[in-house]
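Inspection log for the structure reproduced underneath, given as structure tokens.
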Amino acid sequence: AQLVESGGGLVQPGGSLTLSCAGSELTINVYNMGWFRQAPGKKRELVAATAWSGAVTRYADFDDSRFAISRDDDKNTVYLRMNRLKPEDTAVYYCAADLNFEELLQGTCDYWGQGTQVTVSS
């Protein structure tokens, strides 16, 4: 069972990107799902999280309403839509799943994806 991210790449400042995270032999509809990122030389940080029901979401302070997390349990996939990207958003983005929402927020997760690189540069 694993999570598989896709959708990363190179984008210009001000551009948009949508990341996807699909469960492989893992049904995500019972899991709280989150996106984290880690830039070179920095600690991993939470970007956004959604409860298993989709009724609760959390975003990092740096989000500034630029990011949106969503889930499509029929497709067994969670998404991160990122708008108005900045160079400081450059990082490896990781998808994560946990049965406990608070543990997810703290980054102690049951499952992690392999990460996808997002580079914001002109």
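Some points to look at:
- Cys residues of the chain that find no other Cys beta carbon under 4.7 Å: C109.
- Probe 1.4 Å, accessible area per residue of the stretch 4-122, Å²: 51
- Rounded accessible area of F62 (nearest 10 Å², 1.4 Å probe): 60
- Distance between the stretch 1-16 and the stretch 44-111 - C-alpha centres, whole angstrom: 13
- In this structure K75 has an accessible area near 130 Å², from a 1.4 Å probe over the protein heavy atoms.
- Label positions at E103 and A55, each projected 7 Å from the Cα along the C-beta direction, are separated by 2.1 nm.
- Around the Cα centre of the chain, unit charges on the Cβ atoms of Lys, Arg, Asp and Glu (plus for the first two, minus for the last two) sum to a dipole of about 420 debye.
- Surface composition of the chain: carbon and sulfur make up 45 percent of the accessible area, probe 1.4 Å.
- In this calculation the C-beta distance from K43 to S122 is compared with R0 = 22 Å, giving a FRET efficiency of 0.25.
- Partners for K75 among aspartates and glutamates (Cα-Cα distance below 16 Å; same-chain residues under 8 apart left out): E5, E25
- Taking the chain and dividing mean pair separation by its residue count, relative contact order in percent (alpha carbons under 8 Å, at least six apart): 36
The values are calculated or read from the model by the stated rules, or taken from the named source; none is laboratory data. Just so you know, these numbers come straight off a predicted model, no measurement behind them. Counting neighbours? That spans all protein chains shown, and the Cβs are built from the backbone with ideal geometry, glycine included. Protein only, heavy atoms only, side chains kept; ligands, DNA and RNA dropped before computing areas. Shrake-Rupley method; radii C 1.70, N 1.55, O 1.52, S 1.80 Å.
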